[in-house]
Structure formats: C-alpha cells, structure tokens
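Take a look at the structure set out below.
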Amino acid sequence: MEGYVEVFKPDWVTLLLMKVNHLSWVLSCHRSGKIRTQTIQGLIPLESLYGCLEILEELEEYEHCSTVWNIILECYPLNVDKIGESGYLR
C-alpha cells in the first residue's frame, strides 16, 4: 500500500491556509445558526485570530484576512479601548 500513497509533508503556511479555509466553513455555519457564538469563543481564542490575521497580512492573503476579520467582528464583542491599547490596529 505504501507504494500507492504519496507522502505529503505540508509546510506551516499550507497548514495555516487549510485551517483558515475551515474558518470560512465555521463562519458560514455561524451565519446560518448551526454554530453558536459561545461555541466559537470557547474553541478559538481571540488572540489566536489576531495572530493569524497578522500572518495572513504578511503573506498578502487578503481574502483569508477577510474571513478571519469577519469572525472577529461577528463572534467577539469589541472593546475599542482594549484594541487601541493592544496595538492590533496600528
């Protein structure tokens, strides 16, 4: 069987993009009411989304940035003062 299966070792960028593609599915399910906001907040830390957003911006993956940003806007209450202090939007 090993002769028929090609071994694929994806790099971290490929893995990140695969996970972001999954986030678009999560966002779609959230919008249709299949996944609750509290479930997303419990499983995906907000800091991780901001970190992902920064990496995607560096990679110029703006379509994926949009997905991550929409999850942040729709699923996490924004504290404008805290965002300004953290430097995420500078």
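Here are the numbers for the structure shown:
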| item | result |
| --- | --- |
| Counted charge near VAL68, where neighbours are those whose Cβ lies closer than 12 Å (Asp, Glu -1; Lys, Arg +1) | -4 |
| Residues of segment 31-48 with amide N under 17 Å of a point placed 7 Å along Cα→Cβ from GLU63 | none |
| Sequence of GLU63, GLU57 once ranked by neighbouring C-beta atoms within 10 Å, starting from the fewest | GLU63, GLU57 |
| Inter-probe distance in nm under a simple model that places probes 7 Å from Cα toward Cβ, at HIS22 and LEU78 | 2.7 nm |
| Stretch gain in nm, segment ASN70-GLU47, where the contour uses 0.36 nm per residue and the Cα spacing is subtracted | 6.8 nm |
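Read-outs throughout are calculated quantities, based only on the coordinates presented, and are distinct from any laboratory measurement. Predicted model only: the values in this text are computed from it and were never measured. Methodologically, a virtual Cβ is constructed for each residue, glycine included, from the backbone with ideal geometry; neighbour enumeration extends over all protein chains shown.
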